[in-house]
Amino acid sequence: QDAPGRVGLPGGYVASMLLDRRGRLWVAGFGAGVRVMDTAQAPGAPPQVRRITLAEGLPHNGVDALVLAPDGDVWASTDGGLAHIHQDSLRVRRLLASDGVGIASYWTSAGALSADGMLLFGGTGGLTIVDPRQTATPAAPAPLVVTEVRLGDVRAAVPHQPPGQDAADVLTLE
C-alpha cells in the first residue's frame, strides 16, 4: 500500500501481473493504475516501486491486463483505452479511439501475446489486435488555416499567406 512518503504495491483487487526481462514485477491494481517493483537494488536495500497512473499518462486507472511485448515494452488495457509503456523510461503513450482503437473498455485479465508477436486485448465489443512493430508516433497536429471570416453577413478579407510560409500569430481584420 502507498503511505506518506512512499509508493507501495496496490491493495485490493489485482487485475494482472507480469515479470519483465529485468526481473521487475509489474502489478495492475483495479482503480490503482500500475506499480513497477524493482528489486535489483543494493543488497539489503528495500525494493524501489514506481507508480504509473492517470497523472503519468494512463488513459484510466482501471487497468485490466498487462502484456509484455517482444521488444520488452509493456502494454496495458484499461477501462479507457490502451497504453504503451516504454520499458526504460516508463513513459506512457496512450492509444484511444482517435488513434484507431475501436474498443473503449477492456475486460480484466483479457490480454495475451500471440505466437507471432501480436498483442491481444479483449473488451466490450470484441478483440483489439496490436502489432507493436507497427505503432507510429503521432503526427504533429495540422496547422490552423483561416479560409474565410464573416462578421454577420459581411465577408471580411483574410490576408493571403503564401504557401510554405509560417502563418502570423495574430489575424488582423480591416
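Nothing in this text is a laboratory measurement; each read-out follows from the coordinates by a stated rule. Keep in mind it's a predicted model, so treat the numbers as computed, not measured. Positions of Cβ are backbone-derived with ideal geometry, glycine not excepted, and every protein chain shown enters the neighbour counts.
Here are some notes:
- Amide N of the stretch 40-72 lying under 12 Å from the label point, which is placed 7 angstrom from the Cα of Ser105 along Cα→Cβ: 62
- Stokes-Einstein D (µm²/s) once Rh is taken as the Kirkwood radius of the stretch 54-105 over alpha-carbon pairs, at 37 °C in 0.692 mPa s: 301 µm²/s
- Straightening the chain between Ser89 and Ala156 buys 19.1 nm, computed as 0.36 nm per residue apart minus the Cα-Cα spacing.
- Estimated at 0.36 nm per residue, the fully extended path between Leu19 and Glu148 surpasses their Cα-Cα distance by 40.8 nm.
- The residues neighbouring Ile85, those whose beta-carbon lies less than 15 Å from its own, together hold a net charge of +2 under the Lys/Arg +1, Asp/Glu -1 convention.
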